[in-house]
Amino acid sequence: MSSASKRRRLGLALLALSLSLVLALGALLRWAQFAGSSENGPSQLINLASDKSLGVNADLSGLDPAEIERSMAAMEDAGFRWLRQRFPWDAIEA
């Protein structure tokens, strides 16, 4: 292997190492920013919901009150603790 070839391989290896170090430093700085290490207050991380119970999506809009009660009781018996219901915007906001 010629010395020029060795120098080129060494240069490429140093370039790859330099790029890796720059990327690692950037990742470390970004992590420190979100880890709450700033003096400006609490961490910028978003806390996860503390309620880890099961939920269900349902459309109860076409049911009469007795059917809604039965459906809600069945969902509760199945272990669901919350319900997400979609509403038309114009039914909520004039």
Exactly one of these conditions fails for residue 40: (1) among the polar types (S, T, N, Q); (2) surrounded by 10 or more Cβ atoms within 10 Å (Cβ to Cβ); (3) at pLDDT below 90. Give me its number.
(2)
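Residue-by-condition table, conditions (1) basic (Lys, Arg); (2) outside any helix (DSSP H, G or I); (3) over 30 Å from residue 32 (Cβ atoms); (4) touching a His at 6+ places or on another chain (Cβ under 8 Å):
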| site | (1), (2), (3), (4) |
| --- | --- |
| 52 | yes, yes, no, no |
| 55 | no, yes, yes, no |
| 59 | no, yes, yes, no |
| 62 | no, yes, yes, no |
| 66 | no, no, yes, no |
| 70 | yes, no, yes, no |
| 83 | no, yes, yes, no |
| 86 | yes, yes, yes, no |
Qualifying residue in segment 21-32 (condition: under 18 Å from the mean Cα position of the chain (by Cα) and at pLDDT below 80):
no
Some residue of segment 59-75 being surrounded by 10 or more Cβ atoms within 10 Å (Cβ to Cβ), touching a Phe, Trp or Tyr at 6+ places or on another chain (Cβ under 8 Å) and at pLDDT 90 or above
no
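The values are calculated or read from the model by the stated rules, or taken from the named source; none is laboratory data. Small disclaimer: the values here were computed from a predicted structure and weren't measured. Counting neighbours? That spans all protein chains shown, and the Cβs are built from the backbone with ideal geometry, glycine included.
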